[in-house]
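> Have a look at the structure that comes next, please.
Laboratory data are not the source of any read-out in this text; all were calculated from the coordinates shown. Please read all numbers here as calculations on a predicted model, not as lab measurements. Every residue, glycine as well, gets a Cβ built from its backbone with ideal geometry; the counts of neighbours run over all protein chains shown.
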Amino acid sequence: MDNRKAVLDLCRMGEADRLAVAGGVPAETLMQHAGEAVARELMRRWSPRPVAVLCGPGNNGGDGFVTARLLADAGWPVRLALLGPRDRLAGEARRHAELWTGAVEEMAPAALDGAALVVDAVFGAGLNRPVDGTAQAALAAARGLPIVAIDVPSGVAGDSGADLGAIPAALTVTFFRKKPGHLLLPGRLLCGEVVVADIGIPDAVLGQLAPDTFENDPALWLADLPRPHDGGNKYDRGHALVWGGWPTTGAARMAARAAARAGAGLTTVAVPEVALPVYAAALTSIMVRPVASPADLDRLLADPRISALLIGPGAGVDADTRTRVLAMLGTGRATVLDADALTVFQDDPAALDRAIAGPCVLTPHDGEFRRLFDTAGDKLARARAAARRCGAVIVLKGTDTVVAAPDGRAVINANAPPTLGTAGSGDVLGGFVLGLLAQRMDPFLAAAAAVWLHGAAAASFGPGLIAEDLPDLLPGVLRGLSGDGPSSVAASAPA
């Protein structure tokens, strides 16, 4: 995976600092560069005005002392308030505090009197308890003012994004690489704009850290994205099969169109005989095959040209759906399970685990996930544990969708606009995954690509989006990625 998009948990970020120091970059220099980055980003966005710098007793506070000194040197009116006695500062934080020649006030709401801007350098990403006491009171007094947070807003847990009492920031400046808390909700919403600054940690240390979490981005999967080639034909591009439910038909129809738009050379919807007229009247380039019995489905699945399968949207929560899921998984071909195809195993999740033998992608939302998997831990940890248990790629959907592979790799998606909160958008996502799998893309990369493309397509449309719009928006996004034409991809890509 592309290490430029690596996301580092607290343990790996601490190790990155240690390796940088061991490689000859003094810790004091790293802190100086961190404060310089904060001051630089702040001065890019605001003209000089009264600023209150709130410093904690650790390295986050040390970064704050550097920031305060540089702002004061640039002629800004600066007040600095410290949580706890100054002699509690240690190491490089103490040394940078000694370079600050201004007054050091006690942390209190009064320190913000007259401030037009606040720098939050109280607690870093490692906080594991609620913000309380004088720190809570001082940060609460900053509400309504522009806040620039160093590393994360105080009260955002770096590994999970949990809110431990944070006040939302307008800007967060972090260092080297993002942490999960910058991307997972609610942390992402509390961080405001996030800038990742270079403070002198060599990129080479990533080779020793073995990162397994990444921010979803085309850099991770674009080289593997299937493309038509000269001399190819529709069968080269794969044959996608969708199970079409009855009497609910819209979900499967949208999924089938999405698979075709994602590049599948052929797409077929298998439907109960009674549903054939409805599907046939609504679909043109999508083929429709009636299935009257389990034997009919078995014969269809025996076709070696079918390369990927999807069941779930509108399938119904009943024994027939369970039988069809097991038949599809039994082929060993790439299979996407969504919605009803997951819920039918809520009384026996182990049966689903046992049946997964080939490439498989599960796309649950939180409610479906709770029916099958352990809900302990943050979203990233839950998705990883589920993928390990069942042996499938998990797409745990939401505004901060997490895609996790059984081998521990994970991506966190950050480009999904709120307009995707509309009926049927998940069915389209399943179809995008199916279309890429049909073209024999790696399941983890296919899921990551589909999630990002889904978000970019929605962002290109804007307000008024409905799920039916999404398949027809995909070609524009793909065109932008290939460089063949205008697209809103750049605008919708995560920073």
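> Quick one: in segment 310-447, what % of C-alpha pairs are over 22 Å apart?
Values: 2778 of 9453 pairs.
Pairs farther apart than 22 Å: 29 percent.
> Quick one: Karplus J couplings for segment 314-326, per residue in order, coefficients 6.51, -1.76, 1.60, θ = phi - 60°, nearest Hz, x for Gly and Pro?
Couplings: x, 6, x, 9, 7, 5, 4, 5, 4, 4, 5, 4, 5 Hz.
> Extending each Cα 7 Å along its Cβ direction at L145 and D132, get the distance between those two points in nm, one decimal.
According to this spin-label approximation, the distance is 2.5 nm.
> Taking segment 3-211 as the region of interest, what is the percent of Cα-Cα pairs per 10 angstrom bin, listed from the shortest bin to the one with the maximum distance?
Histogram of Cα-Cα distances, whole percents per bin: 9, 38, 38, 13, 1.
> Over the chain, what is the relative contact order in percent, taking alpha-carbon pairs closer than 8 angstrom and at least six residues apart?
Values: 1107 pairs, mean separation 60.9, N = 495.
Reported relative contact order: 12 percent.
> Explain nothing, just compute: Karplus ³J(HN,Hα) = 6.51 cos²θ - 1.76 cosθ + 1.60, θ = phi - 60°, for every residue of segment 67-79 in order, whole Hz, x for Gly and Pro.
4, 4, 4, 5, 5, 5, 4, 8, x, 7, x, 10, 10
> Counting only DSSP beta bridges with both residues in the chain, tell me the antiparallel percent, nearest 5.
Working: 8 of 57 bridges.
Taking every DSSP beta bridge within the chain, about 15 percent pair in antiparallel fashion.
> For segment 211-341, what does the equivalent ellipsoid look like in terms of its semi-axes, each the square root of 5 times an eigenvalue of the Cα gyration tensor, given largest first in whole Å? Walk me through the numbers before you get to the answer.
Numbers: eigenvalues 137, 65, 44 Å².
They are 26, 18, 15 Å, listed largest first.
> Among I466, I147, I167, rank each residue by its count of other Cβ atoms within 10 Å, from fewest to most, as a rough exposure measure.
I466, I167, I147
> Can you list the residues, at least 5 places off or on another chain, whose amide H is less than 5 Å from the amide H of V53, using H built in the peptide plane?
So V53 has HN proximity to R79, L80, A81, V119.
> Please report the net charge: other residues with Cβ closer than 13 Å to the Cβ of D340, K and R +1, D and E -1.
Details: positive: R322, R324, R371; negative: D318, D320, D338, E368, D427.
Once positives and negatives cancel, what remains is -2.
> Find the Rg to Rh ratio for the chain, where Rh is the Kirkwood radius over alpha-carbon pairs and Rg uses the same atoms.
On the way: Rg = 25.8 Å, Rh = 24.3 Å.
In the chain, Rg relative to Rh is 1.06.
> Using Cα pairs under 8 angstrom and six or more residues apart, how large is the relative contact order of segment 116-182, in percent? Intermediate values should be presented prior to the final figure.
On the way: 129 pairs, mean separation 24.0, N = 67.
Result for segment 116-182 is 36 percent.
> Each residue of segment 188-198 in order: what ³J(HN,Hα) in whole Hz does its phi give by Karplus 6.51 cos²θ - 1.76 cosθ + 1.60, θ = phi - 60°, with x for Gly and Pro?
Working through the residues one at a time gives 4, 6, 7, 7, x, 5, 10, 10, 9, 9, 7 Hz.
> Taking every DSSP beta bridge that has both residues in segment 218-492, what percent is antiparallel when rounded to the nearest 5?
Values: 6 of 28 bridges.
Taking every DSSP beta bridge with both residues in segment 218-492, the antiparallel ones total about 20 percent.
> Say R0 is 25 Å: what FRET efficiency, to the nearest 0.05, do A376 and I356 get from their beta-carbon distance? Please list the in-between numbers first.
Details: r = 22 Å, r/R0 = 0.87.
FRET efficiency, A376 to I356: 0.70.
> If you bin every alpha carbon distance in segment 124-166 into 10 Å steps from zero, what whole percent lands in each bin?
Per 10 Å bin, starting at zero, the Cα-Cα P(r) for segment 124-166 comes out as 31, 57, 12 percent.
> Any idea how far apart V196 and H365 come out in nm if each label point goes 7 Å out from Cα toward Cβ?
3.0 nm
> Quick one: which residues, 5+ away or cross-chain, put their amide H under 5 Å from the amide H of V336? H built at 1.01 Å from N.
Counting only residues 5 or more places away or on other chains, the set is L309, L310, I311, V361.
> While we're looking at this one, here's another question. Starting with the fewest neighbours, write out W221, W100, W246 ranked by other beta-carbon atoms found within 10 Å of each beta-carbon. Intermediate values should be presented prior to the final figure.
Details: W221 24, W100 20, W246 17.
Arranged by neighbour count, lowest to highest, W221, W100, W246 become W246, W100, W221.
> In addition: What are the extents of the Cα atoms of segment 218-492 along their three principal axes, in Å, largest first?
That gives 48, 46, 36 Å along the principal axes, largest extent first.
> In degrees from 0 to 90, rounded to the nearest 10, what is the angle of the helix 425-438 Cα long axis to the longest principal axis of the chain?
70 degrees
> Using every Cα-Cα pair within segment 109-268, state what percent have a distance larger than 27 Å.
Numbers: 6396 of 12720 pairs.
For segment 109-268, the fraction of Cα-Cα distances above 27 Å is 50 percent.
> I would also like to ask the following. Counting DSSP beta bridges in segment 3-211, what percent are antiparallel, to the nearest 5? Don't skip to the answer; put the middle values down first.
Numbers: 1 of 25 bridges.
Percentage antiparallel, nearest 5: 5.
> Ok, one more. Taking Cα atoms, how many degrees apart are the long axis of helix 27-45 and the longest axis of the chain, rounded to 10 and kept between 0 and 90?
So the inclination is approximately 80 degrees.
> Compute the FRET efficiency between W46 and R389 as 1/(1 + (r/R0)^6), taking r as their Cβ-Cβ distance and R0 = 35 Å, and round to the nearest 0.05. Show your work: numbers first, answer last.
Details: r = 49 Å, r/R0 = 1.40.
The formula returns an efficiency of 0.10 here.
> Quick one: if the Förster radius is 30 Å, what FRET efficiency do E36 and D87 give, using the C-beta to C-beta distance and rounding to 0.05? Each step should come with its number before you reach the end.
Working: r = 26 Å, r/R0 = 0.86.
With R0 = 30 Å, the Cβ-Cβ based efficiency is 0.70.
> Order the peptides 295-304, 153-162, 273-282, 137-146 from the highest to the lowest mean number of other Cβ atoms within 10 Å of their residues.
The peptides rank, most packed first, as 153-162, 137-146, 273-282, 295-304.
> Under a 5 Å amide H to amide H cut-off, with H placed in plane at 1.01 Å, what residues pair with E193 once short-range neighbours are removed?
Residues meeting the criterion, in which the H sits 1.01 Å from N, are L171, T172.
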